[in-house]
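Comments concern the structure below.
The values are calculated or read from the model by the stated rules, or taken from the named source; none is laboratory data. This is a predicted model, so every value here is computed, not measured. Reconstructed Cβ throughout: ideal geometry from the backbone, glycine too, with neighbour counts over all protein chains shown.
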């Protein structure tokens, strides 16, 4: 690192280089050996991130040093400007050198970088600033400056880009040639780009069609699932309504005496089972009748003679085993059935049947 010589005591502040000196910009560049390189703004951002003065500090030099040359200042930091250029923050700059730069003695600058895979790159995989060379004049004679301590004895792997000029000068003077140049159009590459663009367009169209087909299939699947759920709901309601009708039918038949209470649940279960069967066809005279098994069973039960009658009957004497029910009122028959049930340990329906059994027999 250089040891700055104390400036003469003139009462004025020593000269210094300003912050934000531009040294490089994105684009296509030809290095000093004639090899073309292309740098994007992302590459410049990588240079900014990788630069670490504690790891290797880039010196400000006069010309490109192949080995040990004096450093007239150092690069403290890098940044990318809004215009896309790479700028430095210099520090520890030799005042006499700064005065010569301010006087326009060094109108051109050249940046030297270690490529990502250079053997001496301190951050492999990223471009790294090696030094910034000022060109165009003899270096100032400053005693006491330390030499640049490059570890390599030559510029092995380093890439130098010369004659960078500030953008303002390039805009003002048509004779000033900017370092960034645009490559000449290549008909073959243009044709390839058109083919790639067409292929990308076709791929985008195919992806869009696939996405539309998938969306349509998803919508159809959802609609089918909703229809299936609705049909299942309707079927469940229909089964519930049908069972309610069978229960109502069985209760009516029990009240009419054509169905015993103990057979009510079995009748409902049988009707539900028969309701799932296909309708049957049979001849009825000259016509053919088509009826469901469940309806046929309902008609059969509904047309049967009552198994139990609760009407009034003519008086007469019944055997004791029969309970003596002939000629009794409904209330008396009910009491007799309950008594029979308690005595013989049978349910009420069987007791009622036993009590009224003689009603259908001749006196």
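Among the residues of the range 1-31, the ones that are at pLDDT 80 or above, part of a loop (DSSP other than H, G, I, E, B) and under 21 Å from residue 106 (Cβ atoms) come to 6 in all.
Name the residue that is farthest from residue 73 (Cα to Cα), counting only residues in the range 42-55 that are surrounded by fewer than 18 Cβ atoms within 10 Å (Cβ to Cβ) and touching a strand residue (DSSP E or B) at 6+ places or on another chain (Cβ under 7 Å). The extreme case among them is 45.
For the range 23-47, a residue qualifies if it is more than 41 Å from the chain's Cα centre (by Cα) and over 23 Å from residue 96 (Cβ atoms), and the qualifying residues are 24, 29, 30, 31, 32, 33, 34, 35, 36.
Only strands (runs of 3 or more DSSP E) whose full extent lies in the range 77-188 are considered here, and the ones with at least 1 residues that are in contact with a strand residue (DSSP E or B) (Cβ under 8 Å, 6 or more places away or on another chain) and at pLDDT below 85 are 108-114, 128-135, 159-164. Within the range 48-88, the set of residues being over 21 Å from residue 106 (Cβ atoms) and more than 46 Å from the chain's Cα centre (by Cα) comprises 67 only.
Taken together, the residues in the range 236-265 that are part of a helix (DSSP H, G or I), closer than 23 Å to residue 347 by Cα and touching a helix residue (DSSP H, G or I) at 6+ places or on another chain (Cβ under 9 Å) amount to 13. All of 114, 128, 72 fail the test of being crowded, with 17+ Cβ neighbours inside 10 Å, more than 24 Å from residue 15 (Cβ to Cβ) and touching a helix residue (DSSP H, G or I) at 6+ places or on another chain (Cβ under 6 Å), apart from 128. In this entry, residue 227 passes the filter for residues that are within 37 Å of the chain's Cα centre (by Cα), within 30 Å of residue 274 (Cα to Cα) and outside the structural domain of residue 26 (by TED's automatic domain parsing). Looking across the range 257-276, the residues that are within 13 Å of residue 301 (Cβ to Cβ) and surrounded by 15 or more Cβ atoms within 10 Å (Cβ to Cβ) come down to 257, 258, 259, 260, 263, 264, 267, 268, 270, 271, 274. For the range 278-306, taking the residues that are in a helix (DSSP H, G or I) and exposed (fewer than 14 other Cβ atoms within 10 Å of the Cβ), the one that is nearest to the chain's Cα centre (by Cα) is identified as 299.
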